[in-house]
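To start, the structure under review is shown below, and the notes come after it.
The values are calculated or read from the model by the stated rules, or taken from the named source; none is laboratory data. Since we're looking at a predicted model, the values are computed, not measured. Cβ sites come from the backbone with ideal geometry, for glycine too, and all protein chains shown count toward neighbours. Accessible surface areas use protein heavy atoms only, side chains included; no ligands, DNA or RNA. Shrake-Rupley method; radii C 1.70, N 1.55, O 1.52, S 1.80 Å.
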Amino acid sequence: MNKILSLTQSLISIPSTKDNKKALNEVLDLALKELKDFTIERFEKDGYPSALVYREKSRPKRFKVILNAHLDVVVGKDGQFKPYEKEGKLFGRGAIDMKAAASVLILVFKEMAKKVSYPIALQLVTDEEIGGFCGTKYQIEKGVRADFVLAGEPTDFGINNKAKGIIWAKVKTKGKAAHGAYPWLGKNALWIAKKILDKVEKQYPLPKKEAWETTFNLAKIETANQTFNKVPDEAVISFDIRYIPEEFKGKDFEQGKKILIKKIKELVGNLGEVEILLFEPPQFTDEKNPYVLKLKEATKKVLNKNPKIIVKHGGSDIRHFNQVSCQGVTFGPIGGDLHGDCEWVDIKSLKKYFEIVLEFLKGI
């Protein structure tokens, strides 16, 4: 526990945010100091460093298990990078998301990597909070593969096997300009936009509480019109769409992508022009996957109760592995207020987390 806390506090003290490339390198170097007895393969893309650590002299074609941790955090206030303990909790930016879990995974790997009979790796990245394209995804592009990946994202000991995919879409509407005093002479692009919004709201109503369903968040409505006395002839609607894996109807990612884009275009119809800016895959691993079952067994053994299989509305780096047919889940300790001013992790849960991951690796 002393080692876990000490390492976590040291990691939290480094303001490893997306715009601080010096700190991103510093936090990765600090983590890797624990792993000098292993092969360290370094990667970098667009200034974002990452590493893959394993016991073999050269990288195996495929690992049985990869432990994945990100060392970057969202922007915080200066005081949040000064960790402190209070009432059994450790507070600080990245405490639960996910520098405490990263510390545990580093130390579990250090303990077990040379004891297990199968190839295992530790993957440390510094860009998960901005999409994971230069860390996890880049390593995958360079051939990194595994049968199963465990990412230490916060789950309160729930096993997260499903997460929603992400679509950022813009819908452009076109009308006809006219003087605002004579609106019947024009065609208002904003009223056309409203018709689209009405259709979206009818087909995808805002849930009144948490629900496992596809949602459309209306992020922005924009128009180039900057005056009152003009009928606007153009408008743009911006959506953040979070879709459930079930939307794919059992198809693979590329097939499912075509299905969903077609569905969005049919919803808009001839009222506007759809532009897809981002289309990220969902996360999905069957809860009957043998590694998931082993993780459930290990968790039950340590906690003396069955863990819950949970879903998440936000994505993780596991989705990048799913795209190349590698299975995985997110699984982490107890904490709260992630990305908030009082982010914390339960200190006792870190010991349990260490024991669970250790037991999981022994049981494979």
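Note the angle between two axes, namely the Cα long axis of helix 253-268 and the longest principal axis of the Cα atoms of the chain, as a number of degrees from 0 to 90, rounded to the nearest 10. The answer is roughly 30 degrees.
Restricting the stretch 174-224 to trypsin sites (Lys or Arg not before Pro) that sit in a DSSP loop and have at most 12 other Cβ atoms within 10 Å of their own Cβ leaves Lys208, Lys209. Each of Val75 and Leu277 was given a label point 7 Å from its Cα along the Cα-to-Cβ line. The distance between the two points is 1.7 nm. Contact order, relative form, for the chain: 23 percent (alpha carbon pairs under 8 Å, 6 or more residues apart, mean separation divided by residue count). Normalised by the number of residues in the stretch 210-364, the mean separation of alpha-carbon contacts (under 8 Å, six or more apart) gives a relative contact order of 17 percent.
Within the stretch 272-364, what whole-number % of the accessible surface is contributed by carbon and sulfur, with the 1.4 Å probe and all protein chains included in the calculation? Please report the intermediate quantities before stating the final value.
Working: 2240 of 4290 Å².
With neighbouring chains kept in place, the figure for the stretch 272-364 is 52 percent.
Antiparallel beta bridges, as assigned by DSSP with both residues in the chain, represent about 70 percent of the total such bridges. Each residue, Glu201 and Glu44, gets one label point 7 Å from its Cα in the Cβ direction; the gap between the two is 5.1 nm. With angles folded into 0 to 90 degrees, how steeply does helix 290-303 sit against the dominant principal axis of the chain? Use alpha carbons for both and round to 10. It is inclined by approximately 60 degrees. Take 341-353, 62-74 and order them by the average number of nearby Cβ atoms within 10 Å per residue, most first; the result is 62-74, 341-353. In order along the stretch 48-53, the Karplus-derived 3J(HN,Hα) couplings, from 6.51 cos²θ - 1.76 cosθ + 1.60 at θ = phi - 60°, round to 9, x, 8, 8, 10, 10 Hz, and Gly and Pro are given as x.
Do any GluC sites (Glu not before Pro) in the stretch 1-100 lie in a DSSP loop with no more than 15 other beta carbon atoms within 10 Å, and if so, which? Don't jump to the answer; show the numbers that get you there.
Values: sites: Glu26, Glu34, Glu41, Glu44, Glu56, Glu85, Glu87; in loops: Glu56, Glu87.
Loop-located and lightly packed - Glu56, Glu87.
Label reach from Tyr84 (point 7 Å along Cα→C-beta): in the stretch 330-357, amide nitrogens under 16 Å belong to 341-345. In loop segments of the stretch 234-326 as defined by DSSP, the GluC sites (Glu not before Pro) with at most 15 further C-beta atoms inside 10 Å of their C-beta are Glu287.
The residues of the stretch 16-55 expose, per residue, 50 Å² of accessible area to a 1.4 Å probe.
Ala178 sits among other residues whose Cβ lies under 15 Å from its own Cβ, and their net charge, with Lys and Arg +1 and Asp and Glu -1, is +2.
As a test of the formula, what do you get for the chain when each DSSP H run with n ≥ 4 contributes -39,500 (n - 2.57) and the sum is divided by the residue count, at 222 nm and rounded to the nearest 500 deg cm²/dmol? Let's see the in-between values first.
Numbers: 9 runs with 109 residues, N = 364.
Calculated mean residue ellipticity at 222 nm is -9500 deg cm²/dmol.
Give me the dipole magnitude in Debye, nearest 20, for the chain about the Cα centre, with unit charges on the beta carbon: positive for Lys and Arg, negative for Asp and Glu. Show your work: numbers first, answer last.
Numbers: 62 positive and 48 negative charges, 163 e Å.
Computed charge dipole of the chain: roughly 780 debye.
Estimated at 0.36 nm per residue, the fully extended path between Lys265 and Asn2 surpasses their Cα-Cα distance by 89.1 nm.
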